[in-house]
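Notes for the one structure printed next.
The values are calculated or read from the model by the stated rules, or taken from the named source; none is laboratory data. As the structure is a computational prediction, the values presented were derived from the model and not from experiment. All Cβ positions, glycine included, derive from the backbone under ideal geometry; neighbour counts span all protein chains shown. Calculation scope for accessible area: heavy atoms of the full protein, side chains included, ligands and nucleic acids excluded. Shrake-Rupley method; radii C 1.70, N 1.55, O 1.52, S 1.80 Å.
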Amino acid sequence: MPREIDLFNAMVPSLLIIFAFSIVFFLILDKLTAEFDIDRYIWHPALFRTSLFCCFFCAIGIWWYK
């Protein structure tokens, strides 16, 4: 069942909050991969970044709704 969160007197879907947390985790991990130059071992860096974000978003969403 979808949940809504009261954020400054506005009902916000919880997926929006999950999306924001996913972006934060993704940016931290993306910074680490850039620092250690892991992108040169990846065949398609943009596809890897997109799939990494989707994995974070889905994992947090499944955890939240379970």
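Name the residues in the range 19-49 that are open to solvent by 80 Å² or more (accessible area, probe 1.4 Å) and either in contact (Cβ under 8 Å) with a residue 24 or more places away in the chain or part of a helix (DSSP H, G or I) (or both), would you?
Passing the criteria: F19, F21, F25, L27, I28, K31, E35, R40, Y41, L47.
What single numbered condition from (1) outside any strand (DSSP E or B); (2) at pLDDT below 90 fails to hold for I5?
(1)
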